[in-house]
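K.L.:
Next up is a structure, given as structure tokens.
The values are calculated or read from the model by the stated rules, or taken from the named source; none is laboratory data. Because the structure is predicted, anything quoted here is derived from the model rather than measured. Here Cβ is always computed from backbone atoms with ideal geometry, including for glycine, and neighbour counts include all displayed protein chains.
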Amino acid sequence: MKKILFLVFVTCSIAISGFGQTAELFPKGEISATDNHTGTIWLNELSKPDSILNYSIAVATYAPGAKLDWHIHPAGQVLIITEGTGYYQEKGKPKQIVHKGDVIKCSPGVEHWHGASLETDFAYFAVTPAQKGKTIWLKRVTGEEYKAIK
Ligand code: MN
């Protein structure tokens with residue numbers, strides 16, 4: 001009986017460690033050194049835009065509490081959350097709590113920000129069309145904006 005329990009334990013441990021965090025499948029990449037966020041964010045651009053497939057696909061991984069500044073994607077963005085809990089907010093709308101498994105569509109030209117909760121890491125795939133130009137960075141997210149969950 002003990003042997004069976006041990007085998008179950010080992011099997012479960014292997015299974016759990018095999019499911020994964022994005023970081024196990026794709027390297028987290030470099031720590032972002034750009035001045036458009038607060039906290040630690042790792043970026044790994046998996047697929048760069050080219051003349052035929054004109055969008056970027058990147059993995060972004062956030063330490064707890066890390067968040068981007070307010071910004072605009074001229075051609076929109078899709079975020080596929082792969083890890084943790086975070087926030088997404090569009091200008092003039094309440095902040096949304098988003099979780100692993102959620103898919104967020106951000107329309108072209110909409111001012112918004114996204115970031116990790118204070119309690120967990122946060123990661124997503126970002127699909128960002130490039131044909132209308134680069135992301136436009138705006139103001140820092142204030143403590144008040146980050147805190148208010150309503
Ligand atoms: Mn965005």
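K.L.:
With the condition kept exactly as written, say whether any residue in the range 89-112 is within 14 Å of the ligand (Cβ to nearest atom), under 25 Å from I31 (Cβ atoms) and of a type in the set (G, A, S).
P.N.:
Within the range 89-112 (the criterion being within 14 Å of the ligand (Cβ to nearest atom), under 25 Å from I31 (Cβ atoms) and of a type in the set (G, A, S)), the answer is no, since none of the residues qualifies.
K.L.:
Within the range 94-110, identify whether any single residue is part of a loop (DSSP other than H, G, I, E, B) and in contact with a helix residue (DSSP H, G or I) (Cβ under 8 Å, 6 or more places away or on another chain), and answer yes or no.
P.N.:
yes
K.L.:
Something else about it: Given (1) buried (at least 17 other Cβ atoms within 10 Å of the Cβ); (2) modelled with pLDDT of 95 or more; (3) under 15 Å from the mean Cα position of the chain (by Cα); (4) away from the ligand (no atom under 14 Å from the Cβ), where does H71 come up short, assuming only one miss?
P.N.:
(4)
K.L.:
When you go through T61, T34, T82 one by one, which is the residue that is within 16 Å of the ligand (Cβ to nearest atom), β-branched (V, I, T) and either part of a loop (DSSP other than H, G, I, E, B) or surrounded by fewer than 17 Cβ atoms within 10 Å (Cβ to Cβ) (or both)?
P.N.:
Testing whether each residue is within 16 Å of the ligand (Cβ to nearest atom), β-branched (V, I, T) and either part of a loop (DSSP other than H, G, I, E, B) or surrounded by fewer than 17 Cβ atoms within 10 Å (Cβ to Cβ) (or both) leaves just T34.
K.L.:
Just one of (1) within 11 Å of the ligand (Cβ to nearest atom); (2) outside any strand (DSSP E or B) trips up A126, so point out which.
P.N.:
If we test A126 against (1) within 11 Å of the ligand (Cβ to nearest atom); (2) outside any strand (DSSP E or B), just (2) comes out false.
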